[in-house]
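**Q** The structure's right below; bear with me while I get my questions together.
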Amino acid sequence: MSFFESITKKSKLKAAIKQTMDARSSEGGTADQLFKKVYQDYAEVVANEPLIAEALYNWGLALLHQARTKSREQAASLYQDAIAKFSFCLTIEPAYLGAALDGGVAYMELARVKAVEPNDSLYERAKNYFEKANAIQAGSASYNVACIYGLRGEKEACLNALEISKNKGYLPVVADILADPDLNRVKDQDWFADFIESLNKKPEPAAEISEAVAESAAESGATDEPKKAEIEQGSVENAAVVAEPEAVVEHKAQADEDAAEADAVAEGVK
């Protein structure tokens, strides 16, 4: 493929991502027609090697969002198509974090559509995807894994995954954790209440801080309030990405976060 052909494909991919946003903001038959057109565009981009992983990921992402607008068999079919795209993307780029994260999300949402039990193979496949994401970027999908263990009522495994998510800086805010239906089976248990309480506590000042430093901090108006950790963003090409935007990873990727990520992907940087 020539340089100019590569530029053309990049332009087509950016246009397809923008059209996906238009489809997501539309409804009914109009949305379906837009999704159909954008899938054709993704197929053209995928026809040759350059950009294939990026195109497959965004193709899968579009399918994932359309699936959320459907029900039952129609939704299930779209989720399965999305999973196939994420899987293909990972075959080409094994370290593509977004595909691992959203592949797990797609499996979880497919499991809900099919109303299967928490021990069903669909949830196990979702966990496998999230474990791939954790292998790519430690802790990035630990909260998602905790939710699967929560659905199963597995205390030790759920708490361990929550602690990892907390320590790696990927844990959602307390309000979102408490509102998460995937954790309903464990929310009334003492260990879960203790974990939530620990999140609300301010950390104790380090014992080794000298009096001089403490006095200096007091004079300058400093407090013991911890600074919020920033999340390092990586490039899509190197797959060192942090999901939603559509990654911190919330296991139900929000549409507005997904839109932000899609825009970033279009520019080659997440």
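Quick note: the coordinates plus some simple rules give every number you see, no bench work behind them. Here the structure is a predicted model, which is why all the values come from computation and not from measurement. So basically every Cβ, Gly included, is an ideal-geometry build from the backbone, and we count neighbours across all protein chains shown.
**Q** Mind computing the radius of gyration and Dmax over the alpha-carbon atoms of the range 109-162? Å is fine for both.
**A** 10.9, 30
**Q** Go through 138-148, 23-33, 99-109, 59-69 and give me the packing order, highest mean Cβ count within 10 Å leading.
**A** Details: 138-148: 25.3, 23-33: 13.7, 99-109: 28.4, 59-69: 23.7.
Ranked by mean Cβ neighbours within 10 Å, highest first: 99-109, 138-148, 59-69, 23-33.
**Q** Which whole-number percent is the relative contact order of the range 74-177 (Cα, under 8 Å, 6+ apart)? Display every interim value, and only then the final one.
**A** Numbers: 118 pairs, mean separation 21.2, N = 104.
Over the range 74-177, the number comes to 20 percent.
**Q** Taking 0.36 nm per residue of separation and subtracting the Cα-Cα distance, what length does fully extending K36 through K70 add?
**A** 10.8 nm
**Q** Right, something else. For A193 and S121, compute 0.36 nm times the residue count separating them, minus their Cα-Cα distance, and round to one decimal in nm. Each step should come with its number before you reach the end.
**A** Details: separation 72, 0.36 × 72 = 25.92 nm, distance 2.96 nm.
Value of the extension gain: 23.0 nm.
**Q** Cross-link list K18/K85; K85/K114; K9/K85; K9/K114; K127/K166; K37/K70: which exceed 26 angstrom alpha carbon to alpha carbon?
**A** Cα-Cα > 26 Å for K9/K114; rest within.
**Q** I would also like to ask the following. Using every Cα-Cα pair within the range 54-119, state what percent have a distance larger than 14 Å.
**A** Cα-Cα pairs of the range 54-119 separated by over 14 Å account for 50 percent.
**Q** If packing is taken as the mean number of other Cβ atoms within 10 Å per residue, what is the order of 118-127, 158-167, highest first?
**A** 158-167, 118-127
**Q** Mind listing the phi-derived Karplus ³J(HN,Hα) values for the range 69-80, rounded to whole Hz, using 6.51, -1.76 and 1.60 with θ = phi - 60°, and x for any glycine or proline?
**A** Working through the residues one at a time gives 9, 10, 9, 6, 4, 5, 5, 4, 5, 5, 4, 5 Hz.
**Q** Right, another one. Take the eigenvalues of the Cα gyration tensor for the range 1-143, scale each by 5, and report the square roots as semi-axes in whole Å, largest first. List each step's numbers first, then the result.
**A** Details: eigenvalues 136, 84, 22 Å².
Three semi-axes, in Å: 26, 21, 11.
**Q** Output ³J(HN,Hα) for the range 161-170: one whole-Hz value per residue in order, computed from phi by the Karplus curve 6.51 cos²θ - 1.76 cosθ + 1.60 with θ = phi - 60°, and x for Gly and Pro.
**A** Ordered by residue, 3J(HN,Hα) equals 5, 5, 5, 5, 4, 5, 5, 8, x, 10 Hz.
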